[in-house]
Amino acid sequence: MADFLTNVGTGIKTLFDTSNTFHTAMTGGLWFVESKPKNTFPYCVYSFLGDKPMYTFGTSNPEEGEDILVQFTIFDKSSSSANINNYESYLVALFDWASITVTDYTLMEMRRDEAIAPFKVDNIWQSVTTYRIKIDG
């Protein structure tokens, strides 16, 4: 059995690879942690910020679930922020309350936790959105 983060990552990538507006817009793809060098813009990178076990107080058998934070960062070289705003709305439309498949686990929820307004670094627009994913084993 693969570890749960690998299975969650596979579920994220599988949903991304379906026919959807976010996939179509991200011509540079979706990458884990970092993209390939000299990648085409726009693209998105996701990474796990952390996880913690879910325990229910007052029970002799705590739940075997995990509460996971995953961050999506979109990168775009457009001169205007209009495109990055559209890309973020496509990401939200795909992943808000999504039903990703997590092998060996039951998905309890996938919900947006936080979004940071688009910003520009070295002439590259970035948009950061964090999701909370809860799974039960």
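Only the Cβ atoms of Lys and Arg (+1) and of Asp and Glu (-1) were treated as charged; on that basis the dipole of the chain about its Cα centre amounts to roughly 580 debye. Per-residue Karplus couplings for region 65-70, computed as 6.51 cos²θ - 1.76 cosθ + 1.60 with θ equal to phi - 60°, are listed in order as x, 10, 10, 10, 9, 10 Hz, Gly and Pro entered as x. Sorted on the mean count of surrounding Cβ atoms within 10 Å across their residues, most packed first, peptides 20-26, 79-85, 119-125 read 20-26, 79-85, 119-125.
The Cβ shell under 15 Å around SER78 holds other residues with a net charge of -1, Lys and Arg each +1, Asp and Glu each -1. Comparing LYS38, LYS13, LYS52 in a Gaussian network model of the chain (Cα springs below 10 Å), the most mobile by mean-square fluctuation is LYS38. Residues whose amide H lies under 5 Å from that of GLY65, counting only those 5 or more places away or on a different chain, are MET54, GLY137; hydrogens are built 1.01 Å from N in the peptide plane. Among the listed pairs LYS13/LYS77; LYS77/LYS134; LYS52/LYS77; LYS36/LYS120, those with a Cα-Cα distance over 30 Å are LYS77/LYS134; LYS52/LYS77. Among residues other than PRO42 with Cβ under 11 Å from its Cβ, the summed charge is -1 (Lys and Arg +1, Asp and Glu -1).
Values in this text are rule-based calculations from the coordinates and carry no lab data. Given the structure is predicted, the values throughout are model-derived calculations rather than measurements. Don't worry about glycine lacking a Cβ; one is built from the backbone with ideal geometry, like all the others, and counts go over all protein chains shown.
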